[in-house]
1. If you take the residues in the stretch 16-41 that are among the small types (Gly, Ala, Ser) and without any contact (Cβ under 8 Å) to a residue 24 or more places away in the chain, which one is surrounded by the fewest Cβ atoms within 10 Å (Cβ to Cβ)?
2. Considering only the stretch 45-55, I want to know if a residue exists there that is closer than 20 Å to ALA13 by Cα, hydroxyl-bearing (Ser, Thr, Tyr) and part of a loop (DSSP other than H, G, I, E, B).
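Read the figures in this text as sums done on the coordinates, not as results from a lab. As the structure is a computational prediction, the values presented were derived from the model and not from experiment. Here the Cβ positions follow ideal geometry from the backbone for every residue, glycine too, while neighbour counts run over all protein chains shown.
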Amino acid sequence: MNKVLFFAHLRDAVGAEEVQMDAAGKTVAALKAEVTENYKLAKMDTVMTAINEEFAQDDEIINEGDTIAFIPPVSGG
């Protein structure tokens, strides 16, 4: 299993700061698609992803036990 963390408006949309999902063997893009469908989210094209606290590209493969974080763009001033 994998811990999936959500930040900012994604946390509000999902209704939880973190969930447990079976993401091992999937790409980041595949997990984004699954999360988008499961939680009825808007597209996650601009959302940054980190695996084990290091930024990851959409084609990176997730391993068993990895922690994945979805971080939306932040604006402000």
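1. Once the filter is applied, the top-ranked residue is ALA16.
2. yes
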